[in-house]
Amino acid sequence: GAVVSQHPSRVICKSGTSVKIECRSLDFQATTMFWYRQFPKQSLMLMATSNEGSKATYEQGVEKDKFLINHASLTLSTLTVTSAHPEDSSFYICSARIGSYTEAFFGQGTRLTVV
Amino acid sequence: GQNIDQPTEMTATEGAIVQINCTYQTSGFNGLFWYQQHAGEAPTFLSYNVLDGLEEKGRFSSFLSRSKGYSYLLLKELQMKDSASYLCAVSGNTGFQKLVFGTGTRLLVSP
């Protein structure tokens, strides 16, 4: 299957700083990627859809100024958590699909801890 | 909008069969997916249904009824390693093929 690579896998940052997470499609071009957040013992919550060459589409309730998404090329999307606070600590995971009738391929996920 | 519901937790014994249900309400439908997720790891793909009926893949089967907005994942010959969360996800016909996940079901398999 297709490969999506995400890093870092773990990051610890101080409150008030910003953290960038990268998501790359290694063997296919992804015009669209998706960013999810997952709190302990909960399911994946879709945060936003990242579109190559255009602005991201955010889900209701997700602050676009706090979670900056950039999709600069067909193989790379980045999520920047700005001015991080302890409540932003979570598991962030990206995914991409090749077509409408295929599964989503996931990155390895990033465990963010804000201290 | 989309509403996808699953039982929160289920328990079963090794060697048994378990059925995990998923009900959904979506605007448009482009398929339903089941994923398995172990704690701290990325989800792994199990099955995909776009037409009504049963899809079988080894010990795992998935069923879909579009008219009822209902799916289930059937796990046979349970093994201890099947203890994980099982996530139902639906793709609508809007929003760049995004997958929206249900609440997830934590399955605990005991000896």
**Study point:** Options A:54, A:43, A:95: the member that is within 14 Å of chain B (Cβ to nearest Cβ), part of a loop (DSSP other than H, G, I, E, B) and in contact with a Phe, Trp or Tyr (Cβ under 6 Å, 6 or more places away or on another chain)
**Key:** A:43
Check your understanding: Which ones in region A:15-43 are among the aliphatic types (A, V, I, L, M) and either on the phi > 0 side of the Ramachandran plot or loosely packed, with under 12 Cβ neighbours inside 10 Å (or both)?
Key -> A:26
**Study point:** Matching residues in region A:69-92 - criterion: being in contact (Cβ under 8 Å) with a residue 60 or more places away in the chain, surrounded by fewer than 17 Cβ atoms within 10 Å (Cβ to Cβ) and not in a loop (DSSP other than H, G, I, E, B)
**Key:** A:80, A:86
Exercise for review: Taking only region A:4-58 into account, find how many residues are among the aliphatic types (A, V, I, L, M) and at pLDDT below 90.
Suggested key: 1
Review point. Looking at residue B:52, is it crowded, with 16+ Cβ neighbours inside 10 Å and touching a strand residue (DSSP E or B) at 6+ places or on another chain (Cβ under 9 Å)?
Key: no
Review point. Can you pull out the strands (runs of 3 or more DSSP E) entirely within region B:1-85 that have at least 3 residues that are away from chain A (no Cβ under 11 Å) and small (Gly, Ala, Ser)?
Key: B:60-65
Practice item. Test residue A:12 against the stated conditions and say whether it is within 11 Å of another protein chain (Cβ to nearest Cβ) and either part of a loop (DSSP other than H, G, I, E, B) or out of contact with any His (no Cβ under 8 Å at 6 or more places or on another chain) (or both). Key: no
Review point. Out of all the residues in region B:73-111, which are under 17 Å from residue A:43 (Cα atoms) and aromatic (Phe, Trp, Tyr)?
Key: B:86, B:101
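The values are calculated or read from the model by the stated rules, or taken from the named source; none is laboratory data. Bear in mind the structure is a predicted one, so any value in this text is a computation, not a measurement. Cβ: placed from backbone, ideal geometry, glycine included. Neighbour counts: every protein chain shown.
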